[in-house]
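Following: one structure in structure tokens, then a few remarks.
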Amino acid sequence: MWQPHDGVELNSAAHAANGQPDRNGQSPTASLQATGAQPGGLSTAEAEQLLQVYGRNELEEKTTSKLIIFLKLLVMPMPIMIWLAVIVEAAIGNWIDMIILLLIQFINAGIGWYETTKAQDAVKALKASLKPQATVCRDGRWQTISGAVLVPGDLVLLGSGSHIPADCRVKEGTIDVDQSALTGESLPVTLRGGDAAQMGATVVRGEVHATVEQTGKNTFFGRTATLLQSVENLGNLQRILMRVVIVLLVLSVVLCLIALIYLLTRGESFRHALGFIVVLLVASIPIAIEIVSTTTLALGSRQLAAQGAIVTRLTAIEEMAGMTLLCSDKTGTLTLNQMVIQEDCPLFSEGVDRHSVLQAAAMAAKWWEPPRDALDAMVLNAAALHELEDYSHTDFMPFDPSIKRTEATVRAPDGSSFKVTKGAAHAVLGLIQTNTAVIASSVNQKVQEFGKRGIRCMAVAQTDAQGQWQMLGLLTFLDPPRPDTRATLETALHHGVQTRMITGDNVLIARETARALGMGTDIRTPEGLPQMTEDGRMPPHLGRDYAHVILPADGFAQVYPEHKYLIVEALRQLGYSVGMTGDGVNDAPALKRADVGIAVSGATDAARASADIVLTEPGLNTIVDAIVIARRIFRRISNFLNYRIAATLQLLIFFFIAVFAFSPHDYNYRWPSFFQLPVLMLMLITLLNDGTLISIGYDNVVPNPRPDKWNLRVIFTVASVLGSVACLSSLLLLWACLQSGHPHSLFRRMHLPPIPYAKIITMIYLKVSISDFLTLFSSRTTGFFWTSPPAPLLTGAALFSLALSTLLACVWPNVTTDRNVPVRGLCRGGYKIWPVWVWIYCIIWWLIQDTLKVLTYKLLFAFDIFQIKSGSRTGKSGRQPGTEQLLAVHVRPEAETELTRYTHAGVQHEVEAGLDDLRAAYAELHQQLDSGGKPPEEKERIAQHLQQVRHAAASLERVAGAMARQAAEDHPGRDEGVRFTVGPVDGRASGDGQAGPRRGRTL
């Protein structure tokens, strides 16, 4: 059993030693000394007094009434905007739209309420893990009481099968405790007198008396729940949507106010002008932006559920699309969480093999009964039990923690008897009486060799015909990786997601698991990691102060829940989008803190309640599928925002310019003084658009091969181009229609008749509707619209809306609205093929719009405007150079001063160390390559050297990237720093004998 170093151990004993205060500021140790943890336990009066001091042995839960949570969700910024829209709809008497808005309001609030109460559910799952009963000595007699009234100083009985009700100190004797849910340790841990037993663990063997030291929130278990409650996450998608809505809302309000003032100065009546402006404002606000996004996410969650990933927080789908780093627990996540016998089996007697050692180990257990513990289960699963049917026990000694082995007397089919034993190597060696020194030396050497790799050993011995014990061999075992884990990690890396191990298990075991999985083996212990402050808060500036500890490491072992929690938070502060996988109580806080918390199959209730995504299938392969699906969903939402911004800009700016630039009265004195569409037409445009957009959740998209990252500047730029082209075409059509009666008008030159004003209104309605839906198809791709065919459902929904809009424009009755706006269908009376001309006009401008969009993207990518290329490189790059390429590092001379000046403590050292590793590995690699004529095994060794170079370069990239980001934050505008270039480090000749060009990037 490993023990953390002093100052790092976070169990109850450390809390008491460090003076964890009670409610009155008194340490538990001082309190116990004052009251006396008496051998016969406490009296009832003393217990009641201590209960007032320390409180109940329950997890404190800072809860808010669910009704209050729901009401708060109705007064947040986005709901306030919807409330304003509701008031506007009521003011103009549009009751149907007002009811729809109210439904959207309460649906959104309901979804937010569900997400907000998830943290409370996680705490309740932890609270349910507190076992309600405890056997305690009170008033000199043993009794069973509620575990909630235990206090420090109580004397409790910890027996086999019982759950430890509080953090205790074992008095005498030994017990085996399963604490895998706390630390990730797969095997039971033996606790002796003076050792700490932590709440949440389970006694699997033995019985002892123990003194309670910590209860409730002060226990190791309670600190985990406190970490969960400290997490308050606002989804990244919610923040993005909020920013988009605020920008559009501010723009709409400003332009509408300017238009209102202008109309009032022209002599328009206040009621008439206000009515128009209010309707325009309602039409331009993207009211359905959140419900469409939520619907898209909900449809995506169904796809994920079909792949074995249940989504508990919808916005986590968007965050998974941008995940750059996956922090994974080891036990039960990367591994099977069950010990398995390995092929390695050192033998120490003649005439035996691995099979006979396994059979002897099985006979040292009651093989015909269900396994008593994990070790028995491991042995019996590997042995050929059918061969033991004719054997029987005449005597059996079960496992005793004091002697660390089991022993059985076995009767063979021929009537002879012999003894077998299995257990700890040192315990079995004590039985050997022949050639003891040589065997002990060989066994200890093997145990040490395997121990350095984190592989455990079990010694097996058997008596010979003379009754002398003979060492048969060592069975080696470990918790092996899942069969699909290595391939899954490689696939995740191909998608740009790096995986790091963070486990509570032994560091040697963690390194062996990392080696088997092809992960980096720089697994570190908790020394130097941040810890919570005494008042339970996170240290300030985690990312800045601990980057030199966390970034270079490939993972951490022997860590506790708050370590995992703070590592995840530090990585988030360093700009990584962090996913966290786990299955135990010890993973719950980090799952909640991560951008995407993933509870694997078989996870505890606490882990599932804390996670954003719960896997129903074993292993991590489901995560890769989920990443691809999440990136498709991200692309759909991104396309939707691109379109929604463009549609809003088209409508808003068109009417804004039309008010100033085009007065119908100037073209015909019988026409109105300013151009406007009827309220019903504007609502139809909005309703049909939003109805069609719900089907975008089924659209065909190509997922990004790299992690997605929001770039609103790019989205607004492209949307502005799309919206401007559509707006310009609408303004040109309005101008042509208004002057159609002029002898030299465009209509006359095309031999088209003048168009009455009532049909101008309908024509502009049809044009805006068609342009909106065609813009939807352009906004889906970075290339031309035909490069990615839309899904049949989206196409069908768009065609339906286009057909309905065209039909309405054709047959609209000849009426005058309550605002004196005449309307007439384009096919009613006179010239009847106006809709055809509108369609031709829209398609021509659509092709122009799509071409300008493609050119805009080409320009953005060519000059990396708004970091459209470099901005997507978040965190460590998952792509490795080919076997013929190395990663060279060039530091500009003028940048060396900047590096030295702006790096925080320790990072400069990591850069220099990384450079040394890179040069050394490079030299060794070329020395081997230059010798020529290498056999396959030698080439394999060279490939391993190449992997070392890649690892050193990747580590250097992580550290230097953090330095560059910090320097950029401290001194904006100084972008000269560390440049990574793919190519020979020393500029050796390429295939043509000339040094190849250096291709690189400056961080």
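Would you kindly calculate the mean projected area, averaged across all directions, of the convex hull enclosing the Cα atoms of the stretch 757-816, in square nanometres?
On the way: hull surface 18.5 nm².
It is 4.6 nm².
If neighbour count is taken as other Cβ atoms inside 10 Å, put 330, 452, 709 in order from fewest to most.
On the way: 330 28, 452 11, 709 16.
Going from least to most buried by this count: 452, 709, 330.
Taking the Cα centre of each part, how many Å lie between the stretch 398-445 and the stretch 352-395?
15 Å
When the Karplus curve 6.51 cos²θ - 1.76 cosθ + 1.60 is applied with θ = phi - 60°, which whole-Hz ³J(HN,Hα) does each residue of the stretch 664-671 get, with x for Gly and Pro?
Taking θ as phi minus 60°, the curve returns x, 4, 6, 9, 7, 5, 7, 8 Hz for the stretch 664-671.
If you take the Cα atoms of the stretch 237-316, find Rg, then find the Kirkwood Rh from the mean of 1/r over all pairs, what is Rg/Rh?
Working: Rg = 19.4 Å, Rh = 15.3 Å.
Value, to two decimals: 1.27.
What is the distance in Å between the Cα centres of the stretch 457-485 and the stretch 288-351?
Each part's Cα centre sits 34 Å from the other's.
Rounded to a whole number of µm²/s, how large is the Stokes-Einstein D of the stretch 579-686 at 37 °C and 0.692 mPa s, given Rh as the Kirkwood radius over C-alpha pairs? Could the numbers behind the result be given before it?
Numbers: Rh = 18.4 Å.
Calculated translational D: 179 µm²/s.
Which ³J(HN,Hα) values in Hz, rounded to whole numbers, follow from the phi angles of the stretch 568-584 under the Karplus curve 6.51 cos²θ - 1.76 cosθ + 1.60, where θ = phi - 60° and Gly and Pro get x?
Couplings: 4, 5, 4, 5, 5, 5, 7, x, 7, 9, 9, x, 9, 10, x, 9, x Hz.
Using the number of other C-beta atoms within 10 angstrom as an exposure proxy, rank 839, 786, 846, 368 with the fewest first. Each step should come with its number before you reach the end.
Numbers: 839 16, 786 9, 846 21, 368 12.
Ranking 839, 786, 846, 368 by Cβ neighbours within 10 Å, fewest first, gives 786, 368, 839, 846.
With θ set to phi - 60° and the Karplus curve 6.51 cos²θ - 1.76 cosθ + 1.60, what are the ³J(HN,Hα) couplings of the stretch 251-261 in order, to the nearest whole Hz, using x for Gly and Pro?
Once θ is set to phi - 60°, the couplings for the stretch 251-261 become 4, 5, 5, 4, 5, 5, 5, 4, 5, 4, 4 Hz.
Give the long-range amide H neighbours of residue 309: residues separated by 5 or more places, or on another chain, with amide H under 5 Å away, using H modelled in the peptide plane at 1.01 Å from N.
Those lying under 5 Å, H to H, from residue 309 are 616.
Using only the alpha-carbon atoms of the stretch 352-505, report the extent along each of the three principal axes, biggest first, to the nearest angstrom.
Reported extents, whole Å, longest axis first: 64, 36, 29.
Would you mind pulling out the separation of the Cα centroids of the stretch 783-841 and the stretch 600-658, in Å?
The stretch 783-841 and the stretch 600-658 have Cα centres spaced 32 Å from each other.
Determine, for 387, 407, the number of other Cβ atoms within 10 Å of each Cβ, and report the residues in order from fewest to most. Display every interim value, and only then the final one.
Details: 387 11, 407 20.
Least crowded to most crowded, the residues run 387, 407.
Taking a 24 Å limit on the Cα-Cα distance, which of the listed pairs 72/709; 66/564; 366/404; 171/419; 564/869; 366/422 fall beyond it? If you can, show how the numbers build up before the last one.
Details: 72/709 30 Å; 66/564 30 Å; 366/404 17 Å; 171/419 35 Å; 564/869 32 Å; 366/422 12 Å.
Long pairs (Cα-Cα over 24 Å): 72/709; 66/564; 171/419; 564/869.
Give the long-range amide H neighbours of residue 190: residues separated by 5 or more places, or on another chain, with amide H under 5 Å away, using H modelled in the peptide plane at 1.01 Å from N.
Here 177 satisfy the definition.
Taking amide H positions as placed 1.01 Å from N in the peptide plane, with prolines and chain starts having none, which residues 5 or more places from residue 418, or on another chain, fall under 5 Å of its amide H?
Residues meeting the criterion, in which the H sits 1.01 Å from N, are 410, 412.
Bear in mind these aren't lab numbers, they're just calculated from the coordinates by the rules spelled out. No experiment lies behind these values; they were computed from the predicted model shown. FYI the Cβ positions are ideal-geometry reconstructions off the backbone, even for glycines, and counts take in every protein chain you see.
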